[in-house]
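Visitor: First the structure, then my questions, so here it is.
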Amino acid sequence: MRTLTIVLPVIALVLAAAGPAAQGPAARLSNLAESTREGGVELKGQVALDVGGARVPKRFVLRHPADPARWNGSLVIGAHGGSGGSNFDPAGEVIGTDETALDDVIGRHANASGFAFASVDRDGAIDARGGLALTNQFADIAAAEVASRLGRAPARFYLVGLSMGGGITRVAAEDPSQKYAGTLIIAGAGGDLPTRAARQRQLAALWPGVDPKRNPGLPDSDARVTAFAAAIGTPVAARRLWPYTAINAASAASRPPQPAGENSTGKIFVPTIEVVGTWDDFVLQELLAYRRRVDPRSLHRLYQVDGVWHMSGDDDGVQSFMYIATRMGLDPDVAKAMGEGPSYLPTAREAFDRLVRWVEQREPPPSSQTVKPGERLR
């Protein structure tokens, strides 16, 4: 489909800053480029957010229906994984930046369903609580821009986060202010820090006994392999993926101990759905621990997708992990296994649709369960 791009002149932004709205949200936006595509409008540029007492420019994307009548009145905010910045292909070539990292996960799906969608590249914000503060700032600015364009303010916000962005979304779900009407956490961090710390220690201790570089040809049936599977929390069939997480755990154990972070409370205030793969050796065990203590349980669902790692093989974000695995000097088969993995994206999108019905129609979603990739929730 042909795309029409309009670059807003810098002089227009200077004039706007001199007007009465200079202190409003629109004054935070700069270097704007607007395009029309697939029946919607896309706005990309920079947004000035307050970080550590300074106003720092961050890349953002905002999309909404071209026809205000097609907008359903809600704004979805996406919180990407990692700390932000560039994304890479397996060879190390830059393929994008993190404001668009969730496009294939949820952004396009949300837009096709009549939502406005916006995401910001945090680019350096690592702490979950600090990341939420940044995300909340951006959500308010994005909402004001949507209101100016579509003639009304968003009736509600939804927050969707992946990995580190999932940890940010978890903090939002536990926030009594209930800024977001519902939250979707995909392979989310921050489930249960004590569980994570204990598991990291176990992995560091057990890895030398199963490291394929030190123990070539070790069979799946070996007691050391089955013990490591129990510690990492994924089946022996997921063994090709273990080196990435295990070597990072061993590296962390070799460094001076770090101060314990802030653990999740487990008390949530809004409908919250989590989606994770059963081969996710990053966060699965912490999410299972979180599920056991979450309160109230009636506001929480955990959907596991069989055989899926931390990133779906069809998510373009997996390519950055493949590149990092190569830079770590891991066997090429590790990156290959990452790229060959099945998908949790259909489940994540169905979970989002279920979340919306839960919030807006009081229709509770199915109970927590495990499904095959592509299988509908039941």
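Visitor: Over the chain, with a Gaussian network built from C-alpha contacts below 10 Å, which listed residue (Leu162, Leu288, Leu218) shows the highest mean-square fluctuation?
Guide: Leu218
Visitor: Mind jotting down the three principal axis lengths of the chain based on Cα atoms? Whole angstrom, largest first.
Guide: So the extents along the principal axes, rounded to whole Å, are 70, 44, 44.
Visitor: Straight-line reach from Lys179: which lysines have a Cα under 18 Å away, not including same-chain ones fewer than 8 places off?
Guide: Partners found: Lys267.
Visitor: Find which of Ser221, Ala173, Gln285 sits farthest along the positive direction of the dipole of the chain, computed with +1 on the beta-carbon of Lys and Arg, -1 on that of Asp and Glu, about the Cα centre.
Guide: Value: Ala173.
Visitor: Considering only the other residues whose Cβ falls under 15 Å of the Cβ of Glu93, what net charge follows from Lys and Arg at +1 and Asp and Glu at -1?
Guide: -1
Visitor: Please determine, in degrees from 0 to 90 and to the nearest 10, the orientation of helix 193-206 with respect to the longest principal axis defined by the Cα atoms of the chain, where the helix direction is its Cα long axis.
Guide: Value to nearest ten degrees: 40.
Visitor: Also: If you count, for each residue, the other Cβ atoms within 10 Å and average over each peptide, how do 70-80, 351-361 line up from highest to lowest?
Guide: So the order, starting with the most tightly packed, is 70-80, 351-361.
Visitor: Sort out for me the Cα centre separation of region 211-260 from region 323-350, rounded to whole Å.
Guide: One Cα centre to the other: 17 Å.
Visitor: Sum up the charges of everything whose Cβ sits under 14 Å from the Cβ of Ser83, counting Lys and Arg as +1 and Asp and Glu as -1, but leave Ser83 out.
Guide: Values: positive: Lys58, Arg59, Arg122; negative: Asp98, Glu99, Asp121, Asp123, Asp127.
In short, -2.
Visitor: While we're on this one: May I ask for the angle, rounded to the nearest 10°, between helix 223-232 and the longest principal axis of the chain, with both axes built from Cα atoms and the value confined to 0 to 90°?
Guide: That works out to roughly 20 degrees.
Visitor: Could you work out how much longer the chain between Thr370 and Asn248 gets when fully extended? Use 0.36 nm per residue separation minus the Cα distance between them, nm to one decimal.
Guide: On the way: separation 122, 0.36 × 122 = 43.92 nm, distance 2.77 nm.
Contour length minus the Cα-Cα distance gives 41.1 nm.
Visitor: So, one more: Can you give me the angle between helix 242-253 and the longest principal axis of the chain, using Cα atoms only, in degrees from 0 to 90, rounded to the nearest 10?
Guide: 90 degrees
Visitor: Among DSSP beta bridges whose residues both lie in the chain, state the antiparallel percentage, nearest 5.
Guide: Given both bridge residues lie in the chain, the antiparallel proportion sits at roughly 50 percent.
Visitor: Follow-up question, since we're still on this one. If you build the Cα gyration tensor of region 193-322 and take the root of 5 times each eigenvalue, what three semi-axes come out, in whole angstrom, biggest first?
Guide: 27, 18, 14
Visitor: OK, next. Based solely on its DSSP helices, what 222 nm [θ] is calculated for the chain when runs of n ≥ 4 H residues each add -39,500 (n - 2.57) and the sum is averaged over all residues, nearest 500 deg cm²/dmol? Please list the in-between numbers first.
Guide: Numbers: 11 runs with 129 residues, N = 378.
Result for the chain: -10500 deg cm²/dmol, rounded to the nearest 500.
Visitor: Also: For Lys44, go through the aspartates and glutamates and keep the ones whose alpha-carbon is under 14 Å away, minus same-chain ones fewer than eight residues off.
Guide: Glu34, Asp98, Glu99, Asp103, Asp121, Glu145
Values quoted throughout were computed directly from the atomic coordinates according to the rules given, and no laboratory measurement underlies them. If you're wondering where the values come from, they're calculated on a predicted model, not measured in any experiment. Cβ sites come from the backbone with ideal geometry, for glycine too, and all protein chains shown count toward neighbours.
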